[in-house]
Amino acid sequence: MNIQSLTGAWEFCQAGTEEWLPAAVPGGVHTDLLALGRIPDPFVGDNEKKVQWVAKTDWEYRQRFTVTPELLDQSHIWLVCDGLDTLATVTLNGRFLAHTHNMFRQYRWEIKELLQAGDNELHIAFAAPVNYITEQEAKRPLPTVYHSIAGGPYLRKAPCQFGWDWGPKLPPIGIWKDIRLEGGSSARLADVHLRQHHNNGQVTVSAALTLEQWTDEPLTARLQITAPDGEVFAVEADASTNRNLQSLISNPQLWWPNGYGDQPLYQVVVTLCEGTAVLDQRSYQLGLRTIELRQEADEWGRSFEFVVNGIPIFAKGANWIPADSFPTRISDDQLEMLIRAAADTHQNMLRVWGGGFYEEERFYNLCDRYGILVWQDFIFSCSVYPLHDPEFLQNVRTEVAENVRRLRHRTSLALWCGNNEMEEGWVYWGWDRPELQDLKAAYDRFFHHTLPEWCADLDPDTAYWPSSPSSDTPFANPRGQTQGDAHYWDVWHGRQPFTAYRSQYPRFMSEFGFQALPPLATIRTFAEEANWNMTSYIMEQHQKNNSGNSLMVGQMLDTFRLPKDFPSLVYLSLVLQAEGIRYGVEHWRRHRNRVAGTLYWQLNDCWPVASWSSLDYFGRWKALHYAARRFYAPVMLSIEDEPPRQGVYVTNDQQEAWAGRVRWSLETLGGEVLTAGEEAVEAAPLATTTVNLFDLSSYVSDDNCRDLIFIAELWQGDSLAARQTAFFAPTKHLQLADPEITAVCQVKGEQLCIEVNGRSLARLVELSLDGADVVFSDNYFDLPAGRTVTITCFLPSGWSVAQAEAALQIRSVYDSF
């Protein structure tokens, strides 16, 4: 294809005015206005409220361009828009092309007859999305989330952009993906269906081609596959007689999820030629693997387990939301930082949640590279949609077809899921009312019949699941624990204690979570110090869950003493979140024969906010993310505490057995050992091994329980693999003394090494470097008396050891009250 990009410098104006201003494409109205200083930063203070007018206003974009002679010579020329957000009217040289109404679709129009040799003008007028959905909502209200702008389900646009309980009401408008001209004269590749077939250790890669052809000239199709070691496999065929190319891969290198093996990727190129001339070409990266969603009857009901290359995988991960309210400004580096942070904490699955959008190619490229399986929701969430409307349904059908075709070859793709929490809505949220029965019938028809049929036709290799959560039986017990996946929100919305997680045995836990404030460095970006109070006006503008702050504080005071100041409150919210999610994940991993995965809510943020994320908007690691590196470790040591009894377990997700020792002790907080021992451990692969159940009732009394700590350490040879602690009283009641933490810094290569110890127990130790964002090898950890821990991080560029020592700040629970 002959391609001419139309991205770059454009102009835009508010409809009804003639003040044309510079714009960037891909981009949007908010980011263009922000770049010009025409609006304040919506992420600061309460500026979100001050820019609401933007999405209630119509806007226009235009670009003048000259078509290259080579392109103009082609017999067919298309205008291709990969993403228009959302209600657009497109004209070229004053001639109407089309109206658009779906940000998730690619639009392609043949425009040869409309182009001219000199200047051309492309004009795209965007109607205000808020006005449109408000008009539709007035005709027939649809149930949706309370914290969004009503009417969102009427428009095929990312639902969370209208507001969510962690996101602002900042619906973008504009050309949000690539826009270009494409030209050809003989033929083009309309579609390539890339598949892999595994049989007895051999892999055949096939490419089924769909062509658009305008001449009778003979065409040649070529499939070339380059292995990670450079070996090339290639096959050619006459495209008029063979449009299904196949290549056998000798000695295939298998792709594995993160933690189960390597991620070798093959480079695949499909080329369409006329003689020696290349007419069109598609490039892919492909990992060779098998994957299935195994659901088999067992003693608890029916399993829900992902199996890769024949190995049952415990899915360890989180839910993914759009990484910015204005997605066009997400850089490649920022996106990779987030995916790498997931991989660095041993995660192997992300759920692309149905309230956002189908992600861009670079997202899936990174998941392929880092071994992250993708649970892919279709974009329907927490609302009733007008699926009874034939025009709406046809729009969705095109959207589904395009995105399934775009993503079905992806190595990382593990599952297509119909929607987020809509079946819950019909069963538990009061939607099942007489006036909504036509919409319930449309829901049933679409998610249980139509959509799975489309998926089976377009992508027979990937499993389909109707809703999350679901029991796979329409409108029957979507929160059940005998089959399907589960969401458990009683600890957050229901104000249950963290111990309630241990009452749950889902087959797969695809959502659960607890909020924390963002780190103080992030709070500084939106709130001046005068507003550093959890209930201040500005802080509450960055808390989108109505009862979020009170729920956080309630659980905080169940666990910790009243914090002495705002920085201590922030710190306690971070460690509280980490402790709560740890409690749940460790429990479910101990029962990996029954529970096959945990995806906590949520990995990331779209703006600076109090939320359930483990990585804040800037990618800063919250305490939860450090905890995830421990509770998602391939070999996990855990304690099931039922004072005065303590059960010690080792969960091994590796494909090989693990051998080592557990050293345990019962000590005072000051380090006096009451009893201790050592146990040999042979941890079976893909299983949990019980080390021992310790009944310490003869050592623990009401008089000393607040001064005791149970410590378990996992050793392999002379290497400490993990340490866990448990207590006999709530942290707020512990007789904590000043741990008198000391730290010694030295530099080894590019690493800053910090040796930390304390005189008595330091609970949930936080390290930070004032003036620098770094990721430590560990953080927010317990440091028992007499132990020394060495923590590392990259030394900030240009820093000396003396600067690092001066910037090092250390905090523990003792310092919070």
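Laboratory data are not the source of any read-out in this text; all were calculated from the coordinates shown. Values in this document were obtained by computation on a predicted structure and should not be read as measured data. No Cβ is skipped: glycine too gets one built from the backbone with ideal geometry, and neighbour counts run over all protein chains shown.
A few notes on this one:
- Inter-label distance for A476 and A401, nm, one decimal - labels placed 7 Å from Cα along Cα-to-Cβ: 3.4 nm
- Debye intensity ratio I(q)/I(0), log10, the stretch 312-471, q values 0.16, 0.17, 0.21 Å⁻¹ (C-alpha model): -0.94, -1.04, -1.40
- Extension gain from D332 to E70, taking 0.36 nm per residue of separation minus the Cα-Cα distance: 91.2 nm
- Cα extents of the stretch 497-597 along the three principal axes, largest first (Å): 51, 25, 23
- Computed over the stretch 551-680, the quotient of the alpha carbon radius of gyration and 2.2 N^0.38 Å is 1.24.
- Förster radius 41 Å - calculated FRET efficiency between F817 and Q654, Cβ distance, rounded to 0.05: 0.50
- Considering only Cα atoms, the convex hull volume of the stretch 743-817 works out to 86 Å³ per residue.
- For the stretch 392-497, the spread of Cα positions along each principal axis, largest first, Å: 42, 36, 21
- 26 Å Cα-Cα reach of K732 towards lysines, excluding residues that sit fewer than 8 places from it in its own chain: K564, K622
- Cα-based equivalent ellipsoid of the stretch 1-82: semi-axis lengths in Å, sorted from largest, via gyration tensor: 33, 13, 11
- Whole-percent pair-distance distribution, where bins are 5 Å wide, for the alpha carbons of the stretch 296-365: 3, 12, 20, 21, 16, 10, 8, 5, 3, 1
- For the stretch 716-776, GluC sites (Glu not before Pro) meeting the loop criterion (DSSP other than H, G, I, E, B) and having at most 14 other Cβ atoms within 10 Å: E740, E750.
- Computed label-point distance, nm, for sites Q496 and E18 using a 7 Å Cα→Cβ extension: 6.6 nm
- Acute angle (nearest 10 degrees) that the helix 332-344 long axis makes with the longest principal axis of the chain, alpha-carbon atoms: 40 degrees
- Derived scalar couplings ³J(HN,Hα) [the stretch 723-730; Karplus, 6.51 cos²θ - 1.76 cosθ + 1.60; whole Hz; x for Gly, Pro]: 9, 10, 10, 8, 10, 10, 7, x
- Ranked by the mean number of other Cβ atoms within 10 Å of their residues, highest first, the peptides 82-93, 794-805 come out as 82-93, 794-805.
- Between I3 and K50, the contour length at 0.36 nm per residue exceeds the alpha carbon distance by 12.8 nm.
- Multiplying the residue separation of D389 and T204 by 0.36 nm and subtracting their alpha-carbon distance yields 62.4 nm.
- Förster radius 35 Å - calculated FRET efficiency between Y537 and F794 (Cβ-Cβ, nearest 0.05): 0.35
- One Cα centroid belongs to the stretch 135-165, the other to the stretch 226-269; the line between them spans 44 Å.
- Among the GluC sites (Glu not before Pro) within the stretch 1-84, those in coil by DSSP and having at most 12 neighbouring Cβ atoms inside 10 Å are E18, E19.
- For the stretch 442-455, the Karplus equation 6.51 cos²θ - 1.76 cosθ + 1.60, evaluated at θ = phi - 60°, returns couplings of 5, 4, 4, 5, 6, 7, 9, 9, 5, 5, x, 5, 4, 5 Hz by residue, with Gly and Pro reported as x.
- Start at zero, step by 20 Å, and the Cα-Cα distances of the chain spread as 14, 45, 33, 8, 0 percent across the bins.
- Simple spin-label estimate for V235 and S697 gives 6.9 nm between the two label positions (7 Å along the Cα-to-Cβ direction from each Cα).
- Estimated D of the stretch 619-675 in µm² per second, where Rh is the Kirkwood radius over Cα pairs and Stokes-Einstein applies at 20 °C, 1.002 mPa s: 153 µm²/s
- Cα shape, the stretch 174-263, gyration tensor, a/c 1.5 rule: oblate
- Cβ-Cβ FRET estimate between R594 and W429, R0 fixed at 25 Å, reported to 0.05: 0.35
- For the stretch 432-502, the set of trypsin sites (Lys or Arg not before Pro) satisfying both a DSSP loop assignment and a count of at most 14 other C-beta atoms within 10 Å is given as R495.
- Its Cα centre serving as origin, the chain has a Cβ charge dipole (Lys and Arg +1, Asp and Glu -1) of approximately 740 debye.
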